[in-house]
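The values are calculated or read from the model by the stated rules, or taken from the named source; none is laboratory data. From a predicted model like this one, the values you see are computed outputs, not experimental measurements. Neighbour counts are summed over all protein chains in view; Cβ atoms, including those assigned to glycine, are modelled from backbone coordinates with ideal geometry. Quick note on the areas: whole protein, heavy atoms, side chains included, nothing else; ligands and nucleic acids left out. Shrake-Rupley method; radii C 1.70, N 1.55, O 1.52, S 1.80 Å.
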Amino acid sequence: MIQALRSFFAKHAEVPAGSADEARALRIAACALLLELAHADDDFTPEERAHIEDALMRHLGIDELAARDLIELSEAERREATDLHQFTALINKHYDEGQRMVLAEVFWRIVYADGKLAEREAILSRKLASLLELRPGYLAEARKRAMGEG
C-alpha cells in the first residue's frame with residue numbers, strides 16, 4: 001500500500017529545484033510536521049485534517065486526492081520516525097526563512113482548528129520553531145497572522 005502511494009505521488013509531484021525524490025521528501029517532511037502538531041493533543045479532529053488538506057492544496061498546488069494521499073504517506077512516515085529532526089533538517093536545507101515562516105503560520109492554524117490551544121500543542125509549536133531555526137519572536141508573529149491579528 002505504501003509503495004503504491006509513493007508511486008502515485010511520484011507521478012503527480014511537481015518538481016521545484018532538484019530531483020523528484022527531493023521534492024517528494026520535502027513535501028512529506030512538511031506534511032509530517034503538520035500531522036505531528038495535529039496529533040499533539042491526542043485528538044486528530046476532522047477540522048485539523050481539513051486545515052491540513054487545504055494548506056497542502058493551497059501551498060503545494062495539488063488537488064484534493066493528491067493531498068489526501070500525501071497525508072496518508074506522511075502519516076506512515078511520521079509514525080516510523082524516531083524524532084522530528086529528520087523532517088526539520090530537510091526543511092531547513094530547502095526552505096528559506098520566509099517559507100519556514102509560512103509553515104509556522106500553518107502550524108498555528110492547525111493548532112487552533114479545534115478552537116483551543118492544548119499545552120502539548122504550545123510546547124510542540126515552540127520546539128518546532130526552534131528546530132526550524134526561526135528567529136525569536138517569529139512564532140508569535142506567525143500566530144498573530146494565523147489568527148488574523150497581524
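Step through the residues of the stretch 103-108 one at a time and calculate ³J(HN,Hα) from phi using the Karplus curve (6.51 cos²θ - 1.76 cosθ + 1.60, θ = phi - 60°), rounding each to whole Hz and writing x for Gly and Pro.
So the Karplus estimates, Gly and Pro as x, are 4, 4, 5, 5, 3, 5 Hz.
Taking all protein chains in place and a 1.4 Å probe, what share, in percent, of the accessible surface of the chain do carbon and sulfur account for?
Carbon and sulfur atoms account for 51 percent of the accessible area of the chain.
Less than 10 Å Cβ to Cβ from L128, Lys/Arg counted +1 and Asp/Glu -1: what total charge do the surrounding residues give?
Here the charged neighbours net out to +2.
If you take the C-alpha gyration tensor of the chain, multiply each eigenvalue by 5 and take the square root, what semi-axes do you get, largest first, in whole Å?
23, 17, 14
Which of R27, R126, R109 ends up with the largest GNM mean-square fluctuation for the chain, with Cα atoms connected below 10 Å?
The residue that fluctuates most here is R126.
Taking only C-alpha pairs under 8 Å that are 6+ residues apart, what is the relative contact order of the stretch 44-114 in percent?
53 percent.
First select every other residue whose beta carbon is under 12 angstrom from the beta carbon of A30; then total the charges, Lys and Arg +1, Asp and Glu -1.
Once positives and negatives cancel, what remains is +2.
Enter the Cα centre distance for the pair the stretch 30-62 and the stretch 83-150, rounded to the nearest angstrom.
13 Å
What is the sum of charges, Lys and Arg at +1 and Asp and Glu at -1, for the other residues whose Cβ falls under 14 Å from the Cβ of D96?
+1
Helix 85-94: angle to the longest alpha-carbon principal axis of the chain, degrees 0 to 90, nearest 10?
With both axes taken from Cα atoms, the answer is about 80 degrees.
What number comes out for accessible area per residue over the stretch 15-150 if the probe is 1.4 Å? Units Å², please. Don't skip to the end; give the middle numbers.
Details: 6800 Å² over 136 residues.
Ligands and nucleic acids excluded, the result is 50 Å² per residue.
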